[in-house]
Amino acid sequence: MVDMLATTVVKDTTADTWHLWKSRAQFDASNLHNMAIGMVNSPRFVDKCKAVSNVVQSEWERIKGGPVPRVLSYFAMGWDTLIRVFDPKYYSDYPRELDEFFANGGRIAYSRRVGFPDADVDAFFARHEMATYLQYIFELKLPKRVKHISSSDLSDLLA
């Protein structure tokens, strides 16, 4: 799913697959020199986003100095995780903490596997409290060949 986040990835619609760059020249032409992929050891996405912002700020000040550029943090997740991001039980101060997540550059790229009907998704996003967040969320359409695969099922197979 991470490779789907890159906007310059080439989609082969005949094979319904996604491809990464074939050469260094293709990567250089992609304008992704300012993109990084990281891992953060924090349970909540609000905290992950804050950690990324803090690292960027401290490193920028240490290396470059001057004003820190705005950083957008895209979090790739499945539909069930997206629903939990908007569940007030995970916050001590909801919706302030969620608002802070998006204000700090947090963005959500989600995908759905088979079993999550359009009607359920539409109903979730139609809720009144979702209106202010819709601009920060987008769906990554999974290729047909993997749409039936669940990360939980993969974890169970590997255990």
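Less than 13 Å Cβ to Cβ from Gly106, Lys/Arg counted +1 and Asp/Glu -1: what total charge do the surrounding residues give?
On the way: positive: Arg44, Lys48, Lys50, Arg70, Arg107; negative: Asp47, Glu97, Asp99, Glu100.
Result for the neighbourhood of Gly106: +1.
In whole percent, and with a 1.4 Å probe on the protein chains, what portion of the accessible area of region 66-117 is carbon and sulfur? Provide the component values of the computation, followed by the final result.
Values: 1410 of 2590 Å².
Carbon and sulfur together cover 54 percent of it.
At a 10 angstrom cut-off on C-beta neighbours, averaged per residue, how do the peptides 44-56, 130-142 rank from highest to lowest? Please list the in-between numbers first.
Working: 44-56: 17.5, 130-142: 13.4.
So the order, starting with the most tightly packed, is 44-56, 130-142.
Report ³J(HN,Hα) in whole Hz for each residue of region 75-92, in order, from the Karplus equation J = 6.51 cos²θ - 1.76 cosθ + 1.60 where θ = phi - 60°; Gly and Pro get x.
Karplus-based 3J(HN,Hα) across region 75-92 equals 10, 8, 7, x, 4, 5, 6, 4, 4, 5, 4, 9, 8, x, 5, 8, 10, 8 Hz.
Can you divide the C-alpha Rg of region 50-159 by 2.2 N^0.38 Å and report the result to two decimal places?
The reported ratio for this selection is 1.29.
Would you mind checking the pairs Lys50/Lys89; Lys48/Lys89; Lys64/Lys141 and listing those with alpha carbons more than 27 angstrom apart? The partial results should precede the final answer.
Numbers: Lys50/Lys89 19 Å; Lys48/Lys89 18 Å; Lys64/Lys141 38 Å.
Those over the limit are Lys64/Lys141.
The values are calculated or read from the model by the stated rules, or taken from the named source; none is laboratory data. Please read these numbers as outputs of a predicted model, since none were measured by experiment. Neighbour counts run over all protein chains shown; Cβ positions are idealised from the backbone, glycine included. Calculation scope for accessible area: heavy atoms of the full protein, side chains included, ligands and nucleic acids excluded. Shrake-Rupley method; radii C 1.70, N 1.55, O 1.52, S 1.80 Å.
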